[in-house]
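A short reminder: the numbers here are calculations on the coordinates, not readings from a lab. This is a predicted model, so every value here is computed, not measured. Cβ sites come from the backbone with ideal geometry, for glycine too, and all protein chains shown count toward neighbours.
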Amino acid sequence: MANNIAEAKTDTERREHLKTRFDPMLEIAWSLPMTIAWIVWRDIDEVRNQWNEYRSRKNRPSATLLEMVLIDLDDSEIDRPKEMNVITAQKILLQELSNTNIKAIAINPNGEIEPISADKWALLEPDTSQIDVDQLRILGQVESAYTEVRFPRAEILNIWPENSQSKEMLPDNTYSASSGAQLPTKPEIIAAKIAELLPTEKDWSGLAKGRIESKVRKDLPSFEFSARSFDSGYALWIKNRPKS
């Protein structure tokens, strides 16, 4: 039992250390998937999840717009509120790039770094047919025109500022405007429910994580949450439960 607790604590600490080390807000420029993630969710965790260097440390493949579109179609993947869907975010980003002086850069077919001027964006579109790498292609053409596109983080944040509601929240109808109380996050609700269901070591000892998740879902049938939310709530419960 003690080993299980220690392992869970170590895993949590490792994840938090990795998140601290890979802070998108310290990066000068963001990739196309990172930028789209910010426009859609306005949440730094989702931007980090589209950062290839961070993904490689978690043994995940490179981020692509195709993957983001597929995730966006499955609402159970991410519990955070969205400003818009991924396809809409792509269109709005391209419109903004065509009308403003965002200093985007990319790799051209000759392998050279090239600034992409505003007048060129009207003829470009994300090539979501590519699985391994994100590319831009000229409208109506098959071959890619640019790869590894990068956008200045500061300019993106200036155009699309952080949303105060970007924290993972419960639906608005559970919020008491009169009391001004802040909504708990889904992981906090999950952690509290586990603590309620399993108040003592006798209750949780030897109980597998999957069994605990089943108990929570059974006790909260109308409360929808993803596996990611449960993992966060489970880690929070591990951190705060009474020490044996």
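Add +1 for every Lys or Arg and -1 for every Asp or Glu among the other residues with Cβ under 15 Å from the Cβ of Met25, and state the total.
Numbers: positive: Lys19, Arg21, Arg42, Arg48, Arg153; negative: Asp23, Glu27, Asp43, Asp45, Glu46, Glu53, Glu155, Glu162.
Overall, the nearby charge balance is -3.
Is segment 23-159 rounded, prolate or oblate when judged by the Cα gyration tensor, a ≥ b ≥ c being the square roots of its eigenvalues, rounded requiring a/c under 1.5 and prolate requiring a/b larger than b/c? Walk me through the numbers on the way to the answer.
Working: a/c = 1.40, a/b = 1.33, b/c = 1.06.
Because its axes are fairly even, with a/c under 1.5, segment 23-159 counts as rounded.
Once you have the Cα-Cα distance between Asn110 and Glu148, take 0.36 nm times their residue separation minus that, and quote the gain in nm to one decimal.
Values: separation 38, 0.36 × 38 = 13.68 nm, distance 1.29 nm.
Once the chain is fully extended between Asn110 and Glu148, it gains 12.4 nm.
Once you have the Cα-Cα distance between Ile138 and Leu220, take 0.36 nm times their residue separation minus that, and quote the gain in nm to one decimal.
Numbers: separation 82, 0.36 × 82 = 29.52 nm, distance 4.95 nm.
That works out to 24.6 nm of additional length.
Give me the extension gain from Leu94 to Ala192: residue separation times 0.36 nm, minus the current Cα-Cα distance, reported in nm with one decimal.
Numbers: separation 98, 0.36 × 98 = 35.28 nm, distance 4.30 nm.
Full-extension gain reported as 31.0 nm.
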